[in-house]
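Notes follow the structure.
Coordinate-derived values only; no laboratory data. What you see is a predicted model; the values in this text were computed from it and never measured. Every residue, glycine among them, receives a Cβ derived from its backbone with ideal geometry; neighbour counts consider all protein chains shown.
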Amino acid sequence: MARRPRRNHSPAFKAKVAVAAIKGEKTLIELAQDFDVHPNQIKQWRDQMLEGATGVFGDSV
């Protein structure tokens, strides 16, 4: 089985997928089929977005 060439997704695409995962309206499997990415990749992007969310509301004096 031939491997798929490595793809580089734009930050906007990653954010769109991560937001869809955070909403929880679909499972990771369904999102993976919709966006043609692996479920583990979606989980990673979702986790990165959630980790970075605290920085949005952090103290910046």
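Yes/no matrix, rows are residues, columns are (1) in a helix (DSSP H, G or I); (2) of a type in the set (V, I, T); (3) touching a residue at least 40 places away in the same chain (Cβ under 8 Å):
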{"position": "R3", "(1), (2), (3)": "no, no, no"}
{"position": "H9", "(1), (2), (3)": "no, no, no"}
{"position": "A12", "(1), (2), (3)": "yes, no, no"}
{"position": "I22", "(1), (2), (3)": "yes, yes, no"}
{"position": "E25", "(1), (2), (3)": "no, no, no"}
{"position": "L31", "(1), (2), (3)": "yes, no, no"}
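Scanning region 33-61 for residues that are acidic (D, E) and assigned to a helix (DSSP H, G or I) returns D34, D47, E51. When the criteria are applied in full, D36 meets the requirement of being on the phi > 0 side of the Ramachandran plot and free of Cβ contacts under 8 Å to residues at least 24 places away in the same chain.
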